[in-house]
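Everything on this sheet refers to the single structure shown next.
Each value in this text was obtained by applying a stated rule to the coordinates, not by laboratory testing. Owing to the predicted nature of the structure, the values given are computational and were not obtained by experimental measurement. Please note: Cβ atoms are built from the backbone with ideal geometry, for glycine as well, and neighbour counts cover all protein chains shown.
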Amino acid sequence: MQDERLINLTGQTGIDQLPELLNAADCVVSNDSGPMHLAAALGRPLVTLFGPTAPERFGPYPPVAERQHVIRRADGDMSSITLEEVGEAVVSLL
């Protein structure tokens with residue numbers, strides 16, 4: 001089932017469009033990556049998914065609890081992060 005409120009632009013945009021896209025998003029869901037750091041710098045509501053890396057060291061900066069939610073598995077296995085868990089985190093920020 002696809003929700004028309006969600007837009008997946010994977011492979012359809014260039015790096016030069018990224019800041020504008022992130023700034024227009026109501027909430028950004030990202031793994032530990034460059035776009036995550038850019039979304040945090042832009043002050044966007046952000047749900048970040050972490051595997052084996054430590055969010056305390058590599059997470060969104062500046063850390064602002066009111067607009068960021070980090071999901072991490074202690075064993076580093078990101079495949080155990082559920083869609084429901086991510087959805088609840090997004091709703092909590094909106």
Neighbour-count ranking [beta-carbon atoms within 10 angstrom, fewest first] of Ser33, Ser80: Ser80, Ser33
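Going by C-beta contacts inside 10 Å, put Thr10, Thr53, Thr48 in order with the fewest on the left.
Result, fewest neighbours first: Thr10, Thr53, Thr48.
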Match the structure shown to one of the listed values (i) 46; (ii) 61; (iii) 50 of percent of Cα pairs over 17 Å apart, computed from it, and give that label. (iii)
Test of understanding: ordering Met36, Met78 by Cβ neighbours within 10 Å, fewest first, what list do you get? Met78, Met36
Under unit Cβ charges (Lys, Arg +1; Asp, Glu -1), what dipole magnitude, rounded to 20 debye, does the stretch 15-93 have relative to its Cα centre? 200
For Val29, list long-range residues whose amide hydrogen, built 1.01 Å from N in the peptide plane, is under 5 Å from its own amide hydrogen. Val47
Counting pairs of alpha carbon atoms under 8 Å apart in space and at least six apart in sequence, what relative contact order in percent does the chain give? 24
Within a Cβ distance under 15 Å of Pro60, other residues only, what is the Lys/Arg minus Asp/Glu net charge? +1
